[in-house]
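No lab work stands behind these numbers, since they all come straight from the coordinates. Model, not experiment: these values are computed from the prediction. For neighbour counting, all protein chains shown are included, and Cβ atoms are generated from backbone atoms with ideal geometry for every residue, glycine included.
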Amino acid sequence: MGLAKRIIPCLDVDRGRVVKGVKFVEIRDAGDPVEIARRYDQEGADEITFLDITASSDDRETMVHVVEQVASEVFIPLTVGGGIRTLDDVRRMLNAGADKVSINTAAIARPEFVREAAERFGNQCIVVAIDAKAVHQSGEPPRWEIFTHGGRRPTGIDAVEWARRMNAYGAGEILLTSMDRDGTKRGFDLELTRAISEAVSIPVIASGGVGTLDHLADGVLLGKADAVLAASIFHFAEYTIEQAKRHMQARGIEVRL
Amino acid sequence: MTSIAIIDYGMGNLRSVAKALEHVAPQARVLVTQNRHDILQADRVVFPGQGSIRDCMRELARWNLMDVVRDAALGKPFLGLCLGPQALLDFSEENDGVDGLGVLPGRVVRFADPRDPTTGERLKVPHMGWNQVRQAGNHPLWRGIPQDSRFYFVHSYYSRPADETLVVGWTYYGIEFASAIARDNIFAVQFHPEKSAQAGLRLLANFANWNP
């Protein structure tokens with residue numbers, strides 16, 4: 001008996017609407033973030049992550065309204081990522097009802113931003129998102145680097161070192177995405193996940209590549225992740241969150257049911 | 001109509017707490033306030049907290065709310081959340097040692113290298129996520145909440161009350177710690193009921209109707 005491993009559905013939000021399609025039988029409007037969040041809550045999601053993929057900063061205010069609406073009706077933790085660049089961005093999201101913000105590019109541009117945000121708002125609400133890609137040749141010891149711009153731009157930063165550094169700067173959690181696996185449905189990069197999880201003292205959320213329920217369980221059992229994040233397997237109603245939890249439980253993982 | 005004051009002293013987002021209370025107690029008047037008069041007048045008081053204990057105590061002092069919080073804790077239904085219960089104790093070892101309000105006897109200590117009892121693996125700190133609360137006794141705030149229900153936690157420090165009879169909820173994370181403490185009109189929890197789905201909402205509803 002103890003802490004449950006978490007399942008976190010992730011929703012991409014563009015100008016206030018959930019994109020990439022979400023199919024639930026009873027949902028009338030598949031793009032409404034409030035309706036979708038409510039549904040995930042009913043299915044037993046442990047948290048919900050919103051990724052604001054809006055390109056224009058003019059539309060960022062829309063995300064604040066989305067968070068406000070969701071937070072008035074859905075009483076589980078909410079994380080917002082995408083475009084969080086300043087302390088003011090963090091404050092606005094938290095005030096709107098987000099429990100955590102996820103910082104990615106801004107941390108790479110200026111790592112001190114993570115320290116400042118953690119000091120100001122508490123490390124419990126600062127998630128650092130790491131997008132990593134394998135850079136070793138076959139036969140070499142494994143090595144991953146941080147990439148930006150959706151995995152197109154290398155930074156030369158070693159992913160494990162970076163995770164340790166962000167831990168030291170006050171991040172409360174790491175959201176780790178394998179850019180090699182993202183969208184492939186081949187499962188998490190378990191070696192990467194395990195390397196990062198063992199390198200830090202804070203929780204790690206595995207992301208990128210989930211195609212089956214076994215992938216979720218593997219992320220925890222083999223990747224040593226504290227939480228698993230997935231998008232498409234839940235969006236397209238391939239599996240419900242409850243099915244995912246039952247499956248994880250059957251493989252010996254403690255979950256909240 | 002009952003009025004519930006959520007004490008706002010600049011420590012984190014209280015919107016979720018207010019929304020959750022409004023959701024479960026639509027007839028109640030819920031105020032998020034740092035106004036001494038409002039807090040003194042309210043029928044019920046919620047004392048939340050986030051971030052570090054040093055900042056929490058400093059902000060309480062800066063807003064001139066120390067005595068108001070103490071008074072409320074001694075006189076009316078009082079719900080401490082997250083850092084709230086820690087601030088009620090005598091002393092916290094966070095930030096090289098900070099004195100608390102001393103309403104309840106005890107100390108606040110850090111999770112020191114917690115381990116999974118079966119695998120021996122290191123457990124992560126902060127303790128983040130859904131963990132079980134084993135209810136001790138039949139406190140009215142547990143009414144309708146099944147034994148061992150899960151609540152949402154995020155914290156690196158935990159309360160160690162001097163008097164274990166004050167503990168009304170225990171949680172296991174490498175060690176057994178007090179996740180809920182109560183005395184008379186005070187109920188204080190380490191977890192976030194406002195983020196704990198049905199179990200949390202039920203606890204808040206019970207608080208809104210509690211007449212100790």
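Brief remarks follow.
- Reduced Cα scattering model of chain A, Debye log10 I(q)/I(0), q = 0.16, 0.17 Å⁻¹: -1.23, -1.40
- Inter-part distance where segment A:104-165 and segment A:43-74 are each reduced to a Cα centre, Å: 23
- Degrees, to the nearest 10: B:197-208 long Cα axis against longest axis of chain B: 40
- Within chain B, helix-based [θ] at 222 nm, where runs of 4 or more DSSP H residues each add -39,500 (n - 2.57), nearest 500: -7000 deg cm²/dmol
- Ordering of B:55-67, A:111-123 by burial proxy (mean other Cβ atoms within 10 Å per residue, highest first): A:111-123, B:55-67
- The lysines whose alpha-carbon is closer than 19 Å to the alpha-carbon of A:LYS100, local same-chain residues fewer than 8 away aside, are A:LYS5, B:LYS19, B:LYS124, B:LYS195.
- Set of aspartates and glutamates with alpha-carbon distance to A:LYS133 below 17 Å, sequence-local pairs under 8 removed: A:GLU145, A:ASP158, A:GLU161, A:ASP180, A:ASP182, A:ASP189, A:GLU191
- Scanning residues 5 or more positions from A:ASP189 or on other chains, those with amide H under 5 Å from its amide H are A:SER178, with H placed 1.01 Å from N in the peptide plane.
- Other residues within the sphere of radius under 12 Å centred on the Cβ of B:ILE6, judged by their own Cβ, net out at 0 (K and R +1, D and E -1).
- Sites A:HIS149 and B:ARG62 - FRET efficiency at Förster radius 35 Å, r taken between beta-carbons, to 0.05: 0.20
- Taking every alpha-carbon pair under 8 Å whose residues sit at least 6 apart, chain B reaches a relative contact order of 21 percent.
- Cα gyration tensor shape for chain B, rounded if a/c is under 1.5, else prolate or oblate: oblate
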